[in-house]
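Trainee: Here it is, the structure in full.
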Amino acid sequence: MKKIAVLTSGGDAPGMNAAIRAVVRKANYHGVEVMGIYRGYEGFIEGNMELLDLGSVGGIIQRGGTKLFSSRCPEFKEKKYQLQGIEKMKQAGVEGLVVIGGDGSYRGAHALTTLGFPCVGIPGTIDNDIPGTEYTIGFDTALNTVVESIDKIRDTATSHENSFIVEVMGRDAGDLALWAGLAAGAESILIPEEAYDIDDIIERIQRGEARGKKHSIIIVAEGVMSGSELAKLLKEKAGIHTRVSVLGHIQRGGSPSARDRVLAGRLGARAVEVLLQGGSGRAVGIKNHQVIDYDFGEAFNLKHKAEVSLYTLSKELSI
Ligand code: ATP
(Lines give C-alpha, C1' and ligand atoms only; values in the text may rest on other atoms or scores of the structure.)
Protein backbone atom coordinates (compact mmCIF):
# COMPACT_ATOMS: atom_id res chain seq x y z
CA MET A 1 0.00 0.00 0.00
CA LYS A 2 1.17 3.48 -0.84
CA LYS A 3 -1.79 5.51 0.38
CA ILE A 4 -4.43 4.96 3.07
CA ALA A 5 -7.13 7.15 4.64
CA VAL A 6 -8.42 7.77 8.15
CA LEU A 7 -11.79 9.03 9.38
CA THR A 8 -13.58 9.58 12.69
CA SER A 9 -17.25 8.61 12.94
CA GLY A 10 -20.16 8.51 15.39
CA GLY A 11 -19.90 10.24 18.77
CA ASP A 12 -16.61 12.07 19.28
CA ALA A 13 -14.29 11.02 22.08
CA PRO A 14 -11.19 12.57 23.69
CA GLY A 15 -8.12 10.90 22.23
CA MET A 16 -9.43 10.67 18.66
CA ASN A 17 -6.91 13.34 17.65
CA ALA A 18 -4.10 11.39 19.29
CA ALA A 19 -5.22 8.32 17.31
CA ILE A 20 -5.26 10.28 14.02
CA ARG A 21 -1.76 11.50 14.80
CA ALA A 22 -0.56 7.97 15.52
CA VAL A 23 -2.03 6.66 12.25
CA VAL A 24 -0.37 9.43 10.24
CA ARG A 25 3.00 9.17 11.94
CA LYS A 26 3.15 5.36 11.84
CA ALA A 27 2.12 5.23 8.17
CA ASN A 28 4.67 7.89 7.26
CA TYR A 29 7.29 5.93 9.17
CA HIS A 30 6.61 3.13 6.68
CA GLY A 31 6.58 5.51 3.70
CA VAL A 32 2.80 5.44 3.30
CA GLU A 33 0.73 8.60 2.74
CA VAL A 34 -2.44 9.26 4.73
CA MET A 35 -5.53 11.15 3.58
CA GLY A 36 -7.75 12.62 6.29
CA ILE A 37 -11.44 12.22 5.42
CA TYR A 38 -13.73 14.91 6.84
CA ARG A 39 -17.03 14.20 8.66
CA GLY A 40 -16.87 10.42 8.79
CA TYR A 41 -18.73 8.43 6.17
CA GLU A 42 -20.32 11.60 4.80
CA GLY A 43 -16.86 12.67 3.61
CA PHE A 44 -16.07 9.13 2.46
CA ILE A 45 -19.07 9.18 0.09
CA GLU A 46 -18.13 12.62 -1.24
CA GLY A 47 -14.39 12.00 -1.34
CA ASN A 48 -13.99 15.04 0.95
CA MET A 49 -10.42 14.61 2.16
CA GLU A 50 -6.94 16.04 2.13
CA LEU A 51 -3.41 14.85 2.65
CA LEU A 52 -2.30 14.76 6.28
CA ASP A 53 1.45 15.31 6.34
CA LEU A 54 3.61 14.96 9.44
CA GLY A 55 3.19 18.62 10.40
CA SER A 56 -0.59 18.61 10.00
CA VAL A 57 -0.97 16.37 13.04
CA GLY A 58 1.44 18.38 15.19
CA GLY A 59 -0.01 19.99 18.31
CA ILE A 60 -3.19 17.90 18.36
CA ILE A 61 -2.23 15.08 20.74
CA GLN A 62 -3.57 17.10 23.69
CA ARG A 63 -6.75 18.35 22.02
CA GLY A 64 -10.21 16.90 22.67
CA GLY A 65 -12.73 16.28 19.89
CA THR A 66 -11.55 15.37 16.41
CA LYS A 67 -9.76 17.55 13.91
CA LEU A 68 -11.43 15.57 11.10
CA PHE A 69 -14.92 16.28 12.49
CA SER A 70 -17.46 13.51 12.94
CA SER A 71 -20.96 12.84 11.72
CA ARG A 72 -23.79 10.35 11.73
CA CYS A 73 -24.53 9.40 8.15
CA PRO A 74 -27.60 7.12 7.96
CA GLU A 75 -27.46 6.79 4.14
CA PHE A 76 -24.15 5.00 4.45
CA LYS A 77 -26.10 1.86 5.29
CA GLU A 78 -27.07 1.75 1.61
CA LYS A 79 -24.77 -0.16 -0.68
CA LYS A 80 -24.93 2.40 -3.48
CA TYR A 81 -23.33 5.06 -1.23
CA GLN A 82 -20.71 2.60 -0.01
CA LEU A 83 -19.78 1.82 -3.63
CA GLN A 84 -19.78 5.53 -4.48
CA GLY A 85 -17.30 6.17 -1.67
CA ILE A 86 -15.06 3.27 -2.70
CA GLU A 87 -14.97 4.70 -6.22
CA LYS A 88 -13.89 8.12 -4.85
CA MET A 89 -11.13 6.44 -2.86
CA LYS A 90 -9.91 4.46 -5.87
CA GLN A 91 -9.81 7.62 -7.97
CA ALA A 92 -7.59 9.23 -5.31
CA GLY A 93 -5.34 6.14 -5.07
CA VAL A 94 -6.47 5.29 -1.51
CA GLU A 95 -6.07 1.56 -0.89
CA GLY A 96 -7.25 1.10 2.69
CA LEU A 97 -9.11 2.84 5.49
CA VAL A 98 -8.73 3.26 9.24
CA VAL A 99 -12.05 4.00 10.97
CA ILE A 100 -12.01 5.50 14.46
CA GLY A 101 -15.41 5.20 16.13
CA GLY A 102 -17.94 3.02 17.88
CA ASP A 103 -19.74 -0.18 16.91
CA GLY A 104 -21.95 1.58 14.35
CA SER A 105 -18.83 2.87 12.65
CA TYR A 106 -17.42 -0.67 12.69
CA ARG A 107 -20.53 -1.87 10.84
CA GLY A 108 -19.86 0.69 8.12
CA ALA A 109 -16.24 -0.48 7.90
CA HIS A 110 -17.37 -4.10 7.79
CA ALA A 111 -19.68 -3.31 4.86
CA LEU A 112 -16.76 -1.77 2.96
CA THR A 113 -14.61 -4.80 3.72
CA THR A 114 -17.20 -7.18 2.27
CA LEU A 115 -17.16 -5.04 -0.88
CA GLY A 116 -13.42 -5.65 -1.14
CA PHE A 117 -12.15 -2.38 0.38
CA PRO A 118 -9.72 -3.09 3.27
CA CYS A 119 -10.67 -1.49 6.59
CA VAL A 120 -9.41 -1.60 10.17
CA GLY A 121 -11.33 -0.20 13.16
CA ILE A 122 -10.01 1.65 16.21
CA PRO A 123 -12.37 1.84 19.21
CA GLY A 124 -13.07 5.51 19.94
CA THR A 125 -16.00 6.10 22.28
CA ILE A 126 -16.45 7.25 25.86
CA ASP A 127 -19.00 4.46 26.42
CA ASN A 128 -16.40 1.64 26.59
CA ASP A 129 -19.00 -0.57 24.96
CA ILE A 130 -17.06 -2.33 22.21
CA PRO A 131 -16.79 -6.10 22.64
CA GLY A 132 -13.31 -7.58 22.25
CA THR A 133 -11.38 -4.70 23.82
CA GLU A 134 -11.15 -3.96 27.52
CA TYR A 135 -10.89 -0.22 26.98
CA THR A 136 -11.89 2.24 24.29
CA ILE A 137 -10.18 5.55 23.57
CA GLY A 138 -11.97 8.33 25.47
CA PHE A 139 -13.30 6.24 28.34
CA ASP A 140 -10.55 7.16 30.80
CA THR A 141 -10.85 10.89 30.09
CA ALA A 142 -14.64 10.85 30.37
CA LEU A 143 -14.37 8.87 33.59
CA ASN A 144 -12.07 11.49 35.10
CA THR A 145 -14.42 14.26 33.99
CA VAL A 146 -17.39 12.52 35.60
CA VAL A 147 -15.51 11.87 38.85
CA GLU A 148 -14.33 15.49 39.08
CA SER A 149 -17.92 16.63 38.53
CA ILE A 150 -19.29 14.29 41.20
CA ASP A 151 -16.64 15.52 43.65
CA LYS A 152 -17.89 19.06 43.07
CA ILE A 153 -21.51 18.02 43.41
CA ARG A 154 -20.63 16.29 46.68
CA ASP A 155 -19.28 19.60 48.06
CA THR A 156 -22.58 21.33 47.54
CA ALA A 157 -24.56 18.23 48.57
CA THR A 158 -22.68 18.20 51.90
CA SER A 159 -23.05 21.93 52.48
CA HIS A 160 -26.78 21.94 51.82
CA GLU A 161 -27.44 18.47 53.20
CA ASN A 162 -29.04 17.33 49.95
CA SER A 163 -29.11 14.03 48.18
CA PHE A 164 -28.13 14.12 44.54
CA ILE A 165 -28.85 11.93 41.57
CA VAL A 166 -26.18 12.22 38.87
CA GLU A 167 -27.13 11.03 35.38
CA VAL A 168 -24.15 9.70 33.46
CA MET A 169 -23.73 8.89 29.73
CA GLY A 170 -22.84 5.46 28.33
CA ARG A 171 -25.77 4.56 26.08
CA ASP A 172 -26.59 0.91 26.82
CA ALA A 173 -23.36 0.35 28.76
CA GLY A 174 -22.86 0.96 32.46
CA ASP A 175 -19.06 1.20 32.57
CA LEU A 176 -18.85 4.97 32.92
CA ALA A 177 -21.48 5.05 35.68
CA LEU A 178 -19.99 2.05 37.47
CA TRP A 179 -16.37 3.18 37.45
CA ALA A 180 -17.33 6.77 38.29
CA GLY A 181 -19.56 5.63 41.12
CA LEU A 182 -16.78 3.51 42.58
CA ALA A 183 -14.19 6.25 42.19
CA ALA A 184 -16.43 8.91 43.72
CA GLY A 185 -17.77 6.74 46.52
CA ALA A 186 -21.41 6.90 45.46
CA GLU A 187 -24.02 5.35 47.75
CA SER A 188 -25.90 3.64 44.91
CA ILE A 189 -25.11 2.97 41.26
CA LEU A 190 -27.68 1.97 38.66
CA ILE A 191 -26.39 0.34 35.46
CA PRO A 192 -28.26 -1.35 32.59
CA GLU A 193 -26.39 -4.64 33.08
CA GLU A 194 -27.76 -5.22 36.59
CA ALA A 195 -31.38 -5.07 37.74
CA TYR A 196 -31.88 -2.32 40.31
CA ASP A 197 -33.91 -2.64 43.49
CA ILE A 198 -35.58 0.63 44.40
CA ASP A 199 -36.20 -0.58 47.95
CA ASP A 200 -32.49 -1.25 48.38
CA ILE A 201 -31.66 2.29 47.19
CA ILE A 202 -34.21 3.75 49.62
CA GLU A 203 -32.88 1.59 52.44
CA ARG A 204 -29.34 2.75 51.80
CA ILE A 205 -30.39 6.40 51.94
CA GLN A 206 -32.40 5.83 55.12
CA ARG A 207 -29.64 3.79 56.74
CA GLY A 208 -27.25 6.66 56.04
CA GLU A 209 -29.66 9.20 57.50
CA ALA A 210 -30.11 7.07 60.61
CA ARG A 211 -26.40 7.26 61.34
CA GLY A 212 -26.32 11.03 60.83
CA LYS A 213 -25.42 11.17 57.16
CA LYS A 214 -26.95 14.24 55.60
CA HIS A 215 -26.43 13.54 51.91
CA SER A 216 -26.11 10.73 49.38
CA ILE A 217 -24.91 10.48 45.82
CA ILE A 218 -26.77 8.16 43.47
CA ILE A 219 -25.36 7.53 40.01
CA VAL A 220 -27.72 6.46 37.26
CA ALA A 221 -26.53 5.40 33.82
CA GLU A 222 -28.61 6.93 31.02
CA GLY A 223 -29.30 3.40 29.75
CA VAL A 224 -31.36 2.65 32.89
CA MET A 225 -33.58 5.74 33.09
CA SER A 226 -33.24 9.50 33.35
CA GLY A 227 -32.21 11.18 36.58
CA SER A 228 -35.58 12.91 36.84
CA GLU A 229 -37.45 9.60 36.47
CA LEU A 230 -35.44 8.17 39.34
CA ALA A 231 -36.07 11.29 41.45
CA LYS A 232 -39.80 10.86 40.84
CA LEU A 233 -39.65 7.21 41.90
CA LEU A 234 -37.85 8.02 45.16
CA LYS A 235 -40.29 10.83 45.94
CA GLU A 236 -43.36 8.72 45.23
CA LYS A 237 -42.15 5.58 47.02
CA ALA A 238 -40.49 7.02 50.10
CA GLY A 239 -40.98 10.80 50.08
CA ILE A 240 -37.23 11.24 49.53
CA HIS A 241 -36.35 14.55 47.93
CA THR A 242 -33.33 14.56 45.63
CA ARG A 243 -31.71 17.04 43.30
CA VAL A 244 -30.82 15.91 39.82
CA SER A 245 -27.69 16.74 37.87
CA VAL A 246 -27.42 15.67 34.24
CA LEU A 247 -23.76 15.91 33.27
CA GLY A 248 -24.46 15.83 29.53
CA HIS A 249 -21.95 16.65 26.84
CA ILE A 250 -19.18 17.87 29.12
CA GLN A 251 -18.44 14.15 29.46
CA ARG A 252 -17.37 13.98 25.83
CA GLY A 253 -15.05 16.99 25.86
CA GLY A 254 -11.71 17.99 27.25
CA SER A 255 -8.07 17.23 26.81
CA PRO A 256 -7.46 13.47 26.70
CA SER A 257 -5.89 11.86 29.77
CA ALA A 258 -2.35 10.51 29.51
CA ARG A 259 -3.80 7.01 29.54
CA ASP A 260 -6.08 7.71 26.58
CA ARG A 261 -3.22 9.31 24.65
CA VAL A 262 -1.00 6.28 25.17
CA LEU A 263 -3.85 3.94 24.22
CA ALA A 264 -4.52 6.01 21.08
CA GLY A 265 -0.84 5.83 20.15
CA ARG A 266 -0.68 2.07 20.59
CA LEU A 267 -3.95 1.30 18.81
CA GLY A 268 -3.34 3.80 16.00
CA ALA A 269 0.05 2.26 15.25
CA ARG A 270 -1.32 -1.29 15.34
CA ALA A 271 -4.17 -0.40 12.98
CA VAL A 272 -1.66 0.77 10.39
CA GLU A 273 0.45 -2.36 10.85
CA VAL A 274 -2.60 -4.58 10.32
CA LEU A 275 -3.58 -2.75 7.11
CA LEU A 276 -0.03 -2.78 5.74
CA GLN A 277 0.26 -6.51 6.46
CA GLY A 278 -2.82 -7.10 4.32
CA GLY A 279 -5.30 -7.41 7.20
CA SER A 280 -8.86 -6.29 6.63
CA GLY A 281 -12.17 -6.40 8.46
CA ARG A 282 -10.34 -6.29 11.76
CA ALA A 283 -10.55 -4.19 14.90
CA VAL A 284 -7.70 -3.34 17.23
CA GLY A 285 -8.02 -3.35 20.98
CA ILE A 286 -6.37 -3.96 24.32
CA LYS A 287 -6.55 -7.08 26.45
CA ASN A 288 -4.45 -7.84 29.53
CA HIS A 289 -2.30 -4.79 28.69
CA GLN A 290 -1.47 -6.23 25.26
CA VAL A 291 -2.50 -4.69 21.95
CA ILE A 292 -4.57 -7.17 19.96
CA ASP A 293 -6.44 -7.30 16.67
CA TYR A 294 -9.50 -9.40 15.96
CA ASP A 295 -12.22 -9.95 13.42
CA PHE A 296 -15.11 -7.44 13.23
CA GLY A 297 -17.41 -10.47 13.53
CA GLU A 298 -16.20 -10.93 17.09
CA ALA A 299 -17.17 -7.37 17.93
CA PHE A 300 -20.65 -7.92 16.49
CA ASN A 301 -21.31 -11.37 17.95
CA LEU A 302 -20.06 -10.82 21.47
CA LYS A 303 -21.98 -8.68 23.89
CA HIS A 304 -20.22 -6.05 25.93
CA LYS A 305 -20.80 -6.41 29.65
CA ALA A 306 -19.70 -4.13 32.45
CA GLU A 307 -17.50 -5.83 35.05
CA VAL A 308 -19.93 -7.49 37.46
CA SER A 309 -17.29 -7.88 40.19
CA LEU A 310 -16.97 -4.08 40.30
CA TYR A 311 -20.71 -3.80 40.78
CA THR A 312 -20.61 -6.22 43.69
CA LEU A 313 -17.65 -4.33 45.14
CA SER A 314 -19.49 -1.01 44.88
CA LYS A 315 -22.32 -2.46 46.96
CA GLU A 316 -19.91 -3.78 49.59
CA LEU A 317 -18.06 -0.46 49.88
CA SER A 318 -21.17 1.68 50.19
CA ILE A 319 -23.05 -0.11 52.98
P1 ATP B 1 -20.96 5.97 19.34
O2 ATP B 1 -21.01 4.64 20.02
O3 ATP B 1 -20.00 6.89 19.97
O4 ATP B 1 -22.29 6.58 19.11
P5 ATP B 1 -20.94 4.77 16.72
O6 ATP B 1 -19.86 4.55 15.75
O7 ATP B 1 -21.60 3.55 17.29
O8 ATP B 1 -20.35 5.71 17.86
P9 ATP B 1 -23.27 5.31 15.09
O10 ATP B 1 -24.04 6.57 14.89
O11 ATP B 1 -23.98 4.11 15.55
O12 ATP B 1 -22.07 5.69 16.07
O13 ATP B 1 -22.55 4.93 13.70
C14 ATP B 1 -21.75 5.90 13.04
C15 ATP B 1 -22.01 5.82 11.56
O16 ATP B 1 -21.61 4.52 11.07
C17 ATP B 1 -23.45 5.95 11.12
O18 ATP B 1 -23.88 7.29 11.08
C19 ATP B 1 -23.40 5.32 9.73
O20 ATP B 1 -22.85 6.23 8.80
C21 ATP B 1 -22.41 4.18 9.93
N22 ATP B 1 -23.13 2.92 10.18
C23 ATP B 1 -23.76 2.54 11.31
N24 ATP B 1 -24.35 1.33 11.18
C25 ATP B 1 -24.10 0.93 9.91
C26 ATP B 1 -24.42 -0.24 9.14
N27 ATP B 1 -25.16 -1.23 9.64
N28 ATP B 1 -23.98 -0.30 7.86
C29 ATP B 1 -23.25 0.69 7.33
N30 ATP B 1 -22.91 1.81 8.00
C31 ATP B 1 -23.32 1.95 9.27
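The values are calculated or read from the model by the stated rules, or taken from the named source; none is laboratory data. These figures come from a predicted structure and were not determined experimentally. Here Cβ is always computed from backbone atoms with ideal geometry, including for glycine, and neighbour counts include all displayed protein chains.
Trainee: Taking Gly132, is it in contact with a helix residue (DSSP H, G or I) (Cβ under 7 Å, 6 or more places away or on another chain), away from the ligand (no atom under 13 Å from the Cβ), in a loop (DSSP other than H, G, I, E, B) and over 18 Å from Pro14 (Cβ atoms)?
Mentor: yes
Trainee: Scan region 267-274 and tell me whether some residue there is under 22 Å from Asp175 (Cα atoms) and either in contact with a Gly (Cβ under 6 Å, 6 or more places away or on another chain) or of a type in the set (D, E, K, R) (or both).
Mentor: No, region 267-274 has no match at all.
Trainee: Any residue at all in region 14-34 that's over 20 Å from Phe139 (Cβ atoms) and in contact with a Phe, Trp or Tyr (Cβ under 8 Å, 6 or more places away or on another chain)?
Mentor: No - not one qualifying residue is present in region 14-34.
Trainee: Please identify the pairs in which a residue from region 92-111 that is in a helix (DSSP H, G or I) has its Cβ atom under 6 Å from the Cβ atom of a residue that is of a type in the set (Ser, Thr, Tyr) and within 6 Å of the ligand (Cβ to nearest atom), counting only partners at least 6 apart or on another chain.
Mentor: From residues that are in a helix (DSSP H, G or I), the pairs are Ser105/Ser9; Gly108/Tyr41.
Trainee: Do the conditions hold for Pro256, that is, is it buried (at least 16 other Cβ atoms within 10 Å of the Cβ), in contact with a strand residue (DSSP E or B) (Cβ under 9 Å, 6 or more places away or on another chain) and closer than 30 Å to Arg21 by Cα? Show your work before the answer.
Mentor: On the way: buried (at least 16 other Cβ atoms within 10 Å of the Cβ): yes; in contact with a strand residue (DSSP E or B) (Cβ under 9 Å, 6 or more places away or on another chain): yes; closer than 30 Å to Arg21 by Cα: yes.
Judged against the criteria, Pro256 is a match.
Trainee: Can you tell me which condition Gly279 does not meet? The list is (1) in the same structural domain as Ser9 (by the TED database); (2) at pLDDT 95 or above; (3) out of contact with any helix residue (DSSP H, G or I) (no Cβ under 7 Å at 6 or more places or on another chain); (4) part of a helix (DSSP H, G or I), and all the others hold.
Mentor: Condition not satisfied by Gly279: (4).
Trainee: Yes or no: Leu51 within 16 Å of the ligand (Cβ to nearest atom) and out of contact with any Cys (no Cβ under 6 Å at 6 or more places or on another chain)?
Mentor: Judged against the criteria, Leu51 is not a match.
So that you can scan it fast, the table gives a plain yes or no per residue for (1) within 24 Å of the chain's Cα centre (by Cα); (2) outside any helix (DSSP H, G or I); (3) more than 9 Å from the ligand (Cβ to nearest atom):
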residue: Ala22; (1), (2), (3): yes, no, yes
residue: Ala27; (1), (2), (3): no, no, yes
residue: Gly31; (1), (2), (3): no, yes, yes
residue: Glu42; (1), (2), (3): yes, no, no
residue: Thr66; (1), (2), (3): yes, yes, yes
residue: Phe69; (1), (2), (3): yes, yes, yes
residue: Glu87; (1), (2), (3): no, no, yes
residue: Thr113; (1), (2), (3): yes, no, yes
